[in-house]
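**Q** Take this structure, written in structure tokens, and hold onto it; I'll ask about it next.
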Amino acid sequence: VSEHSRYEADALGRLAGTTQWLTVVTFGDRAMADRECARVRGMHRRVTGTYETAGGPKPYSASDPDLLRWVHIAFTDSFLTTHRVWGGVIPGGEDAYVREWAIAGELVGVENPPRSVAELQRQLDDFRPVLTGSEVAARTVDFICNPPLPLPARPPYSVLFAGAVATMPTHYRSLLGLPQMSLAIMKPTVATMLGGMQLILGPQSPSMRNAQQRVSAL
């Protein structure tokens, strides 16, 4: 990310690229999802290099099966956890949610993605012994903690960021040097802010409405 992403120079542009993929695979039809995932796979093939470890330089590729798996299970668990805390019950259940994201994962090259919450947790646990901090990771975390936002946007961002950190397991927070925030303390404040945002934005996104209309017309 630090060598190939423009997140520091163009944070919103980098976020828009990821959001595009999420929106297409969530609300688009299969043909649209296939095209978007092919675009992402093409980008991944160009991302190669080396990084320093205690044992010396080590090559990396964004198409590496282990890296793809880690990214997939990390964001699946993040989305699932935050919805569990602030979104309520998932239609069809949490295992169904993990199974649906497994399809999206396979389209970008993830091999044998988890298809249940239990399997998701097992794969996360398998990665714990190899996760470590670094100066590059610390710089990235610092940027996410303090992005160059306009002054009016900083207070609400700080609340939402603190709420996200509060949902993280303790060992991940320690690894990243993040504070051990109490979810019980943060939950009411974040829930109030999310409720206000929903009132402003409406209960459904246009993408979701369009997808439901398309499915109803089949």
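**Q** Compute the signed sum of charges (Lys and Arg +1, Asp and Glu -1) over the other residues within less than 12 Å, Cβ to Cβ, of Pro169.
**A** 0
**Q** For Val25, Val136, which order do you get if you count the other beta carbons within 10 Å of each Cβ and list the fewest first?
**A** The fewest-first ordering by Cβ neighbours comes to Val136, Val25.
**Q** Within 10 Å of each residue's Cβ, count the other Cβ atoms and sort Ser216, Ser205 from fewest upward.
**A** Arranged by neighbour count, lowest to highest, Ser216, Ser205 become Ser216, Ser205.
**Q** Per DSSP H run of at least 4 residues, take -39500 (n - 2.57); add these up for the chain, divide by its residues and hand me the 222 nm value, nearest 500 deg cm²/dmol. Let's see the in-between values first.
**A** Working: 10 runs with 142 residues, N = 218.
About -21000 deg cm²/dmol.
**Q** Between the range 25-82 and the range 163-213, what is the separation of their alpha carbon centroids in Å?
**A** Each part's Cα centre sits 23 Å from the other's.
**Q** Looking at the square roots a ≥ b ≥ c of the eigenvalues of the Cα gyration tensor of the range 133-218, which shape do they give, rounded for a/c under 1.5, prolate if a/b is larger than b/c, or oblate?
**A** Details: a/c = 2.06, a/b = 1.84, b/c = 1.12.
Prolate, because a/c is 1.5 or more and a/b exceeds b/c.
**Q** Taking the Cβ of each residue in His83, His171, His44 as the centre, tally the other Cβ atoms inside 10 Å and list the residues starting with the fewest.
**A** Least to most surrounded, the residues fall as His171, His83, His44.
Computed from the coordinates by the stated procedures, all read-outs in this text should not be read as laboratory data. All values derive from a computational prediction rather than experimental measurement. Backbone-built Cβ (ideal geometry, glycine too); neighbour counts: all protein chains shown.
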